[in-house]
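Take a look at the structure below.
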Amino acid sequence: MTRLPFQRAEQPALPTGDDKWPKRTREWWKMWGESAQAAHFTATDWEFLLETALLHARFWGGESSLAGELRLRVAKFGATPEDRQRLRYEFLEDEQAPVAKRRDPGRFADLRVIPGGADDALAGS
C-alpha cells in the first residue's frame, strides 16, 4: 500500500454560475458540500463529483439513461447506507465520540441460551 499525504480541498463552485444549473442539481451539489464525507474530499474527488454534477443535470433534464452511471459515481462517495457500509464509513453521534473499535468476536463466546427464553414467551402470547 502506498501512503499519500492527505490534502483536503474545498468544494468548488459550479461553473458558469448557479443560474445555469437545474435547481435539483444545485441542491444536490450543496448537499455534497455539507456532507460528513466532504471533510475527507481531495481536489480529485471534487473534480470527479463536478463531472458527476454534469451528468446529474442532464439526468434531471430528462436523460434517464444516465441513471446507472450516476448511481455508480455517487456510490464511490457513500451516497446510501449500503454504500457507506461497503466503504466502511461509520457516522458518529458527535465530534467528541471516540472512534468505534472493532467488535471482538470472542467477547460473547461464553454466553449461553437460557431454557424457556423466547419460545416460552411466544407460546404464552
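Report the calculated FRET efficiency for Ser64 and Tyr89 (r = Cβ-Cβ distance, R0 = 41 Å), to the nearest 0.05.
After rounding to 0.05, the efficiency reads 0.90.
When all C-alpha to C-alpha distances in segment 1-88 are sorted into bins of 10 Å, what percent of pairs does each bin hold, rounded to whole numbers?
16, 47, 30, 6, 0
Coordinate-derived values only; no laboratory data. Please read these numbers as outputs of a predicted model, since none were measured by experiment. With ideal geometry, Cβ positions are generated from the backbone for all residues, glycine too; neighbour counts draw on all protein chains shown.
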